[in-house]
Amino acid sequence: MPASSEFLETWFRRDLPQLNRAVLSGAPRTSVAEAMAGLLPELPAPSAVSPVQAQRMIIGLGLAGSSLARHYQEQDPRRRQHPERAFDNLVAGPEMLPFRAYFAALADRTGTGHYERDAYASLVIWNVPTTEVHFEGSLLAVLPGVTDGHILSYTGDAAEQWFFELVKRGQTLELGVNTLLEPLSAGDIGVASAEGLRRVRQATTLLEALRQLFLEFADVPPGLGMQPQYFMDVFRQFAAHWTAGDIPPSGALDVDALKRDFLLGTVDEHYAQHVERILPALLSAERADLMRSMERPALPDRLLATLGIDRGALAQMSSYQLEALATAHRAVGEWHQLLSSHARAAGAHLMLSKRFLFNPQRRRDEEGLGDRPLVSNRRGTTGMDETVLDRLTRRRREHALAPLRRTSAQAALAAVALPVGDVEIKPEPIVRADERAPALSGRTSGGGYGSRTGTNVQDRAGE
């Protein structure tokens, strides 16, 4: 008889985290594989579950699959050449399908085009309950989830659940920005019209709210939230390959962040090639939406064309000419503020990457401690290293309207406080930054994985 949904929920919520905590504390690395060998044959046929049930199962099986892949490869470094062998002899469902084939059939059953392994969409979007962004009383964006309010994670440590929730709240703000700008990109609303500029101002406010969310993440006191040691040595190491060359889950797969870069024209050829490479790890609707944005003219270029301004000529204008332009066309000031807020939010995100990944790994290298052998902490899981992120952040700062930052009109506009207090993300967070499960928190703060380096959480991005 197939396992009930209640039994599976309990296994993914309680048993899998317990197994992972035990392995990280010294239990045999085969523990997860042995447990899965007993569970998988009891799973229902993919055709017997609803699309939503398939989504819920994908969340849990994705976590289990990556746990298995991690422990298998850490047991012997040579196994990283053939990570798919972690799933040998594991069969699932009444048809006794190989695990990866069963997972692929379940992904197909969702009807979403989900990747044939765990992905950002299942770990974050589906796993965290539905979030909404409201501004001045109006609903701007909804990012649905499929769970009942409990966020599944690898070890059950509240830091992991807190991280997933924070990332989804950030993406919901980004979705709000893109929702506001989409009619302008589609040509349904003029980029310099009154309605267009109202949307630009609202989008600017949401980007400032996003920047503040990133800063709140960075300012969690030591011992609370997720600390760099835990992020590098425990959490990230579950982003192991299932097959050589596949695309593990990553915040770099946040489609709304990717789309915003194309909407605002802050991309280059290398970035576009990177996005094309990771497209398979997105949901089918995400891929289609992103590709539309990639094919359209960037909004700043559309604005300059509307106003009859040549981008090259703008870069050569004197301060007097720029001042006259900003005075004559209020739209350029509003759009400059939006592009600057986009750059500031990207800068805050880069600061987080440096604080939680690149700076502590640099110290480890200087101290001769080296890198983690499974998932490198010298680059993101999609392959972006610090140099690439620095270059992208500079490009966002040097946007199409960047010369206008020298004008007094722009300085006056930037001095006006944005109504960030009117932005609400609902519901309230499920997991607070001060909630930590005891099983691994003490281990990472005083010994074990966390003892590899003394990470100073006061670092700033420019240091």
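Quick note: the coordinates plus some simple rules give every number you see, no bench work behind them. Quick caveat, the model's predicted, so the values are computed rather than measured. Neighbour counts are summed over all protein chains in view; Cβ atoms, including those assigned to glycine, are modelled from backbone coordinates with ideal geometry.
Here are a few things to note about the model shown:
- Here the simple spin-label model places points 7 Å from the Cα toward Cβ, and for residue 101 and residue 130 these points are separated by 3.8 nm.
- Alpha-carbon centroids, the range 99-154 and the range 343-378: separation in whole Å: 28
- Evaluated at q = 0.07, 0.08 Å⁻¹, the base-10 log of the normalised Debye intensity for the chain, with identical point scatterers placed on the Cα atoms, takes the values -0.38, -0.50.
- When each of the peptides 340-348, 412-420 is scored by the mean number of other C-beta atoms lying within 10 Å of its residues, the order from highest to lowest reads 340-348, 412-420.
- Rough spin-label spacing in nm, given labels placed 7 Å along Cα→Cβ, for residue 292 and residue 243: 3.0
- Residue order, fewest to most beta carbons within 10 Å, for 374, 210: 374, 210
- Per-residue ³J(HN,Hα) for the range 202-218, Karplus 6.51 cos²θ - 1.76 cosθ + 1.60, θ = phi - 60°, Hz, x for Gly and Pro: 5, 4, 4, 5, 5, 5, 5, 4, 5, 4, 5, 4, 4, 5, 5, 4, 5
- The simple Förster model, with R0 at 56 Å and r as the Cβ-Cβ distance, assigns residue 148 and residue 366 a FRET efficiency of 0.75.
- Couplings for the range 363-375, taken from phi via the Karplus curve 6.51 cos²θ - 1.76 cosθ + 1.60 with θ = phi - 60°, read 5, 4, 5, 5, 8, x, 8, x, 10, 6, x, 8, 10 Hz in order; Gly and Pro are left as x.
- Kirkwood hydrodynamic radius of the range 151-277, Cα pairs, Å: 17.0
- Intensity falloff of the range 295-376 expressed as log10 I(q)/I(0), Debye formula with alpha-carbon point scatterers, at q = 0.10, 0.25, 0.27 Å⁻¹: -0.49, -1.23, -1.28
- Note, ³J(HN,Hα) from phi for the range 396-403, Karplus 6.51, -1.76, 1.60, rounded to Hz, x at Gly and Pro: 5, 6, 8, 6, 4, 9, 3, x
- When peptides 103-109, 328-334 are sorted by average Cβ neighbour count within 10 Å, with the highest value leading, the order is 103-109, 328-334.
- Remark on the range 76-230: Rg and Dmax equal 20.4, 63 Å (Cα only).
- Look at 430, 247 and count the other Cβ atoms within 10 Å of each Cβ; fewest to most, that gives 430, 247.
- Sequence-distant lysines (8 or more away, or on other chains) whose Cα lies within less than 21 Å of residue 259: 168
- Distance-filtered residues of the range 296-330 - backbone nitrogen under 18 Å, label point 7 angstrom along residue 415 Cα→Cβ: 323-324, 326-327
- Each of residue 424 and residue 84 was given a label point 7 Å from its Cα along the Cα-to-Cβ line. The distance between the two points is 5.0 nm.
- All C-alpha to C-alpha distances of the range 342-421, sorted into 5 Å bins beginning at zero, yield P(r) values of 3, 13, 17, 18, 14, 10, 9, 7, 6, 3, 0 percent in whole numbers.
- Considered as an equivalent ellipsoid built on the Cα gyration tensor, the range 99-141 has semi-axes of 31, 10, 7 Å, the largest given first.
- Hydrodynamic radius by Kirkwood, which averages 1/r over all alpha carbon pairs of the range 200-354, in angstrom: 18.3
- For the range 40-130, the fraction of alpha-carbon pairs lying more than 24 Å apart is 21 percent, rounded to a whole number.
- Over the chain: helical MRE at 222 nm, DSSP H runs n ≥ 4 each giving -39500 (n - 2.57), nearest 500: -15500 deg cm²/dmol
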